[in-house]
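Taking it in order: structure first as structure tokens, then the write-up.
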2 protein chains.
Amino acid sequence: MTRVRMDLFVSLDGFTPSDPTPDAPMGADWGRLTASYTATRTFRERLGDTSGEGTTGVDDRYARAYFEGVGAEVMGAAMFGLHSYPDDPDWKGWWGDEPPFGTPVYVLTHTAPRPSIEMKGGTTFHFRDAPVEEVLAEATAAAGGLDVRVGGGSRTARAFLRAGLVDDLHLLVAPVFLGRGDRLWDHLTGIEATHAVTTEVAESGEIHVTLRRS
Amino acid sequence: MTRVRMDLFVSLDGFTPSDPTPDAPMGADWGRLTASYTATRTFRERLGDTSGEGTTGVDDRYARAYFEGVGAEVMGAAMFGLHSYPDDPDWKGWWGDEPPFGTPVYVLTHTAPRPSIEMKGGTTFHFRDAPVEEVLAEATAAAGGLDVRVGGGSRTARAFLRAGLVDDLHLLVAPVFLGRGDRLWDHLTGIEATHAVTTEVAESGEIHVTLRRS
């Protein structure tokens, strides 16, 4: 059974950086939020680092799980990078020649339709101007029984949360206080009625919160 | 050296229940926030339960530390219960004949001065209409080298945080989403400049966050 998964970085005070802009592609606060994740061996290996360095504890266990069993991805236009070069039909996003997904990726957009882009390594970007439920149905069919990940950014994440479409939500809560950004916590009010909450702290101090639909 | 300590219950989405009112003395959400604390053996023993029941893990370690080394307490009028019977000079608060403090307790109030009240078990309530710095200085002198605890409620906690007076802040973060109350997280923005953050998860799922001035 396909489940809809989402992994979100959030500060202890509940902020996710606002959606990226051309001036701050990934948001100024991303470094602080993702430090314990980018320190894992799994993440480093994904970047081609074969030194064997990187943490191998609790954070790395979650990082490995991130890449397992996902058959299709959904993301917002900003996460693809569509807003940066809206008029360039050859722009293939921020993810390089060989994006880390290796699956069909459905990019939500309200701009003019674009042809799909096939990248190296099994990633194909499809652009869809449709309700999230409809795009999710298409991604689920493409996932072939594996899970669908909703990648972000924060606007897309909110849309899926609001629609109650997320089965498994993994929050990487960094023990920092950003004091700015989007208030993720406000979009989780009431989620305990449908999802069980578990918590775990990594050696790094990172708090992993899992909300799983039962 | 006296340190100023504060222990606060907060939900994962950053809410502390609003200050109590006569209709909801401790706030409707307190039960959910304090469940793992009231389940500890230390708390039960404080209530006179000699059965030996109660949890003895990480939550209980923090509960024991709560009562250790405190020489004086400061709290808001609402936490004492002053607002419930403002015109009754004989009202001795919500804490029973033998309050759990066993120290001088300085109650912040803007109402008419009241005489101090000596209770059983070493607790004496003093009522002060003065700036928090001034009351803290008096409490520090009374603590005789031990720590001063700022007990709450949320308005008093905010006043001490805003004034930068808290050396050690222990947050008992319950893995629940209240969606209402006072937004504690908003009052901690920037605290990392002066305080080191550590995190730990208890067997109950409760997240203990410690902010310690270095």
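The values are calculated or read from the model by the stated rules, or taken from the named source; none is laboratory data. Being a predicted model, the structure only gives us computed values, none of them experimental. Heads up, the Cβs are rebuilt from the backbone with ideal geometry, glycines too, and the neighbour counts pull from every protein chain shown. Just the protein is used for accessible areas: all its heavy atoms, side chains included, with ligands, DNA and RNA removed. Shrake-Rupley method; radii C 1.70, N 1.55, O 1.52, S 1.80 Å.
Numbers below:
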| quantity | calculated |
| --- | --- |
| Within the range B:1-111, strands (runs of 3 or more DSSP E) holding 2 or more residues that are within 14 Å of another protein chain (Cβ to nearest Cβ) and on the phi < 0 side of the Ramachandran plot | B:4-11 |
| Subset tally (residues that are hydrophobic (A, V, I, L, M, F, W, C) and modelled with pLDDT under 90) for the range B:25-55 | 4 |
| Only listed residue being within 22 Å of B:VAL166 (Cβ to Cβ) and among the small types (Gly, Ala, Ser), chosen from B:ALA78, B:ALA39, B:ALA112 | B:ALA78 |
| Qualifying strands (runs of 3 or more DSSP E) (wholly inside the range A:116-175; at least 3 residues being touching a residue at least 40 places away in the same chain (Cβ under 8 Å) and open to solvent by less than 20 Å² (accessible area, probe 1.4 Å)) | A:147-152, A:168-174 |
| Breaking point among (1) modelled with pLDDT of 95 or more; (2) in contact with a Leu (Cβ under 7 Å, 6 or more places away or on another chain); (3) among the aliphatic types (A, V, I, L, M), for B:VAL58 | (2) |
| Those residues of the range A:183-201 which are closer than 16 Å to A:LEU8 by Cβ and more than 7 Å from chain B (Cβ to nearest Cβ), in sequence order | A:ARG183, A:LEU184, A:ASP186, A:HIS187, A:HIS195 |
| Test set (1) modelled with pLDDT under 95; (2) facing another protein chain (nearest Cβ under 7 Å); (3) surrounded by 15 or more Cβ atoms within 10 Å (Cβ to Cβ) - B:LEU178 fails condition number | (2) |
| In the range A:48-86, the residues that are open to solvent by 60 Å² or more (accessible area, probe 1.4 Å) and within 21 Å of A:GLY153 (Cβ to Cβ) | A:HIS83, A:TYR85, A:PRO86 |
| Residue in the range A:192-203 that is within 24 Å of A:ASP29 (Cα to Cα) and without any contact (Cβ under 8 Å) to a residue 60 or more places away in the chain present | yes |
| Yes/no for B:GLY205 being facing chain A (nearest Cβ under 8 Å) and open to solvent by 30 Å² or more (accessible area, probe 1.4 Å) | no |
